[in-house]
Amino acid sequence: MRTVSRRLLAQVFVEQLLKAPQNKAQLIRSLAAFLVEAKQTNALDMVLADISKELASRGHVAAEVVSARELSASARQAVTALVQSATNARSVELSERIEPSLIGGMTLRVPGRELDSTVKRQLQLLKTL
């Protein structure tokens, strides 16, 4: 079986996803089957990163927020607006994860960027002074 570049695989996946978003589950199964058959499962994380970057380049950004507590509705809206402004995204899919060890603040991740404004990070920076 011929090897396909991750970026080409991401481009084709995103094109199909944007054409028929209702077929998302089938597309994911097809991608997984392809990676298994091509013996490229070790590249899964990189393929997913390439898909995120490809989606972002087309105005659809998946962002992850990690915070010590659940975000309020107004904080969620502010984070979404920040992501749209910083990336020129038409749409933002925000996933949230709670990690109490952060103490306060949040970490925001979008493809290729990360903003860490947690109390934990600020304390770590103080330690290095």
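The values are calculated or read from the model by the stated rules, or taken from the named source; none is laboratory data. The model shown is predicted, which means the values in this text are computed figures rather than measured ones. So basically every Cβ, Gly included, is an ideal-geometry build from the backbone, and we count neighbours across all protein chains shown.
Give the residue that is surrounded by the most Cβ atoms within 10 Å (Cβ to Cβ), with candidates limited to residues of the stretch 110-127 that are free of Cβ contacts under 8 Å to residues at least 60 places away in the same chain and under 20 Å from ASP45 (Cβ atoms). Don't jump to the end; show me each part of the working.
If we filter the stretch 110-127 for residues that are free of Cβ contacts under 8 Å to residues at least 60 places away in the same chain, which is where we start, we get 110, 112-127.
From what's left, under 20 Å from ASP45 (Cβ atoms): 110, 112-114.
Working: VAL110: 20, GLY112: 10, ARG113: 12, GLU114: 9.
The qualifying residue surrounded by the most Cβ atoms within 10 Å (Cβ to Cβ) is VAL110.
When residues in the stretch 51-91 are screened for being of a type in the set (S, T, N, Q) and either touching an Asp or Glu at 6+ places or on another chain (Cβ under 9 Å) or on the phi > 0 side of the Ramachandran plot (or both), 2 of them pass. If you filter the stretch 22-67 down to residues that are hydrophobic (A, V, I, L, M, F, W, C) and part of a strand (DSSP E or B), you find that the one that is farthest from ARG121 (Cα to Cα) is VAL61.
One residue is enough: does the stretch 98-109 have a residue meeting the conditions of a type in the set (S, T, N, Q), surrounded by 12 or more Cβ atoms within 10 Å (Cβ to Cβ), farther than 22 Å from VAL14 by Cα and at pLDDT 95 or above? For the stretch 98-109, residues of a type in the set (S, T, N, Q), surrounded by 12 or more Cβ atoms within 10 Å (Cβ to Cβ), farther than 22 Å from VAL14 by Cα and at pLDDT 95 or above: present. In the stretch 85-104, the residues that are in a strand (DSSP E or B) form Cβ pairs under 7 Å with partners that are polar (S, T, N, Q), at six or more places apart or across chains, as follows: VAL92/THR80; VAL92/GLN84; LEU94/THR80; ILE98/SER67.
If we keep just the residues of the stretch 49-62 that are hydrophobic (A, V, I, L, M, F, W, C) and in contact with a Pro (Cβ under 9 Å, 6 or more places away or on another chain), which is surrounded by the fewest Cβ atoms within 10 Å (Cβ to Cβ)? Out of the qualifying residues, it is ALA49. Residue by residue through the stretch 75-92, note down the ones that are among the charged types (D, E, K, R) and either touching a Leu at 6+ places or on another chain (Cβ under 7 Å) or surrounded by 14 or more Cβ atoms within 10 Å (Cβ to Cβ) (or both). Within the stretch 75-92, just ARG76 meets the criteria.
Would you confirm whether or not the stretch 86-98 contains a residue that is out of contact with any strand residue (DSSP E or B) (no Cβ under 6 Å at 6 or more places or on another chain) and of a type in the set (Asp, Glu)? Show your work before the answer.
Looking only at the stretch 86-98, we keep the residues that are out of contact with any strand residue (DSSP E or B) (no Cβ under 6 Å at 6 or more places or on another chain), and these are 86, 88, 90, 98.
Still in the running and of a type in the set (Asp, Glu): none.
No, the stretch 86-98 contains no residue that is out of contact with any strand residue (DSSP E or B) (no Cβ under 6 Å at 6 or more places or on another chain) and of a type in the set (Asp, Glu).
Looking at GLN11, GLN40, which one is surrounded by 15 or more Cβ atoms within 10 Å (Cβ to Cβ), under 16 Å from PRO111 (Cβ atoms) and outside the structural domain of GLU64 (by TED's automatic domain parsing)? Exactly one residue qualifies, and that residue is GLN11. The single residue among ALA49, ALA75, ALA33 that is touching a residue at least 60 places away in the same chain (Cβ under 8 Å) and not charged (D, E, K, R) turns out to be ALA49.
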